[in-house]
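The values are calculated or read from the model by the stated rules, or taken from the named source; none is laboratory data. Remember, predicted model here, so these are calculated numbers, not experimental data. All Cβ positions, glycine included, derive from the backbone under ideal geometry; neighbour counts span all protein chains shown.
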Amino acid sequence: MSRARFRRLALLAVLLLQPLVCSPSPAKAASALAAWALTEQGTLQLRTGRHARLEAFFQGPSDGKGTRVWIDLPGELKFPRRVAGRGAVKEIRLGKPRPGATRLVIEFQPWVQLNPNDLTLRGTAADRWELAFKGLPLKGLDDMGEGDLTGRSAWSPSIRIRPSQVPVDPSGLPTVAQNRYSVVIDPGHGGPDPGAVGIRGLRESDVVLDVSLQVAALLRARGVTVNLTRTREVDVDLPPRVSLANRSGANAFVSIHANALSMSRPDVNGVETFFFSDPRSARLAAYLQQQMMAVSGGSPNRGVRRGRFFVIRRTTMPSALVEMGFVTGAIDAPRLATADHRRRLALAIAAGVLNYLKLEVR
Ligand SMILES: [Zn+2]
């Protein structure tokens, strides 16, 4: 692809007063992207390192793809990922176009028409940016995003969750044939990658590790072989998670996550489960969603959806990715912070997996 074909948006290069990260190797500098959100009003909001230098680009529909707008930022993104879009937004991709850089791509549906002359990425503060997609059809759009856009790091005290030491009781769970099934459980994020950080500093990676370890214990108690992609607060990149799963010959793969939006949207709560494309994965996702909803009263059912997350797209066995609630949600966050709710979620996910194995795997 040649850059020359791309039309550059108004380019706002704020002079660097000081290097963002004092590192001799730019590839080692952390990404300047701290948080992003795309609002249901069609506005992209970014929080970055102070005085980061951003470049924005536009490409109209081509090669069967819709319009793409992307923003390059300094510092290397550690975890490239895709986020499924809603409405006129097909997908958001966070990538590493070259060592030492971060790229945020918004791809619109092929039928969306935008005029690049109407688009400007504006700096609104030393670390805040806004781009209003003028003319974007708003129907079906939904607030989406990652990280804490408000950047108020002074919540106190922040919540740190340690994996539960209390063994969880498997006696109410469905039974399956002993030593016949194998499952991979993938606790999202970990180590230096906290995933989403929500209300009172509730960290997604802590929540999902605690739940995942309990799910593994419950399944093992039912005679299922379980491989975990991580068992501690360490970070494991996405490709090794997938190759571990694919090597294991497991009957199912379940990636466990919690959702997040900006801190200014505590009204958004809910449970959802993603699968990539095949019908068996869709059924696995449905069993998981059904069980999680049964223990998540008051939290909206966001349903079973298709998603293009790397770990469910590249795994060769039926796979699903659960989002157990919003760490930024007023209903979900306080609950996810309690050991009791995490135990109930672990029981629910284990029951969903066992139902799937029992009823769908021959
Ligand atoms: Zn996650």
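Quick one: Arg306 ticks every box in (1) closer than 27 Å to Leu38 by Cβ; (2) away from the ligand (no atom under 16 Å from the Cβ); (3) charged (D, E, K, R); (4) crowded, with 19+ Cβ neighbours inside 10 Å bar one, so which box is it?
Condition (4) is where Arg306 drops out.
Report, by residue number, each residue of segment 319-360 that is closer than 24 Å to Asn269 by Cα, among the hydroxyl-bearing types (Ser, Thr, Tyr) and either surrounded by 19 or more Cβ atoms within 10 Å (Cβ to Cβ) or within 15 Å of the ligand (Cβ to nearest atom) (or both).
If we filter segment 319-360 for residues that are closer than 24 Å to Asn269 by Cα, which is where we start, we get 319-353.
Now narrow it down to the ones that are among the hydroxyl-bearing types (Ser, Thr, Tyr): 319, 328, 338.
Matches in segment 319-360: Ser319, Thr328.
Please work out if Thr316 is among the hydroxyl-bearing types (Ser, Thr, Tyr) and surrounded by fewer than 23 Cβ atoms within 10 Å (Cβ to Cβ). Talk me through it step by step, then tell me what you get.
Values: among the hydroxyl-bearing types (Ser, Thr, Tyr): yes; surrounded by fewer than 23 Cβ atoms within 10 Å (Cβ to Cβ): yes.
Yes: the conditions hold for Thr316.
Going by the conditions given, is Pro174 modelled with pLDDT under 70, in a loop (DSSP other than H, G, I, E, B), not assigned by TED's automatic domain parsing to the domain that holds Ala32 and not charged (D, E, K, R)? First the steps, then the outcome.
Working: modelled with pLDDT under 70: no; in a loop (DSSP other than H, G, I, E, B): yes; not assigned by TED's automatic domain parsing to the domain that holds Ala32: yes; not charged (D, E, K, R): yes.
Spelling it out, it is not the case that Pro174 is modelled with pLDDT under 70, in a loop (DSSP other than H, G, I, E, B), not assigned by TED's automatic domain parsing to the domain that holds Ala32 and not charged (D, E, K, R).
Taking the condition closer than 30 Å to Trp36 by Cβ, in contact with a helix residue (DSSP H, G or I) (Cβ under 6 Å, 6 or more places away or on another chain) and either among the β-branched types (Val, Ile, Thr) or not in a helix (DSSP H, G or I) (or both), does Val311 pass?
Values: closer than 30 Å to Trp36 by Cβ: yes; in contact with a helix residue (DSSP H, G or I) (Cβ under 6 Å, 6 or more places away or on another chain): yes; either among the β-branched types (Val, Ile, Thr) or not in a helix (DSSP H, G or I) (or both): yes.
So Val311 fits the description; yes.
Restricting the search to segment 99-126, which residues are of a type in the set (Gly, Ala, Ser) and out of contact with any Lys or Arg (no Cβ under 6 Å at 6 or more places or on another chain)? Spell out the reasoning first.
Going through segment 99-126, the residues of a type in the set (Gly, Ala, Ser) turn out to be 100-101, 123, 125-126.
Selection gives Gly100, Ala101, Gly123, Ala125.
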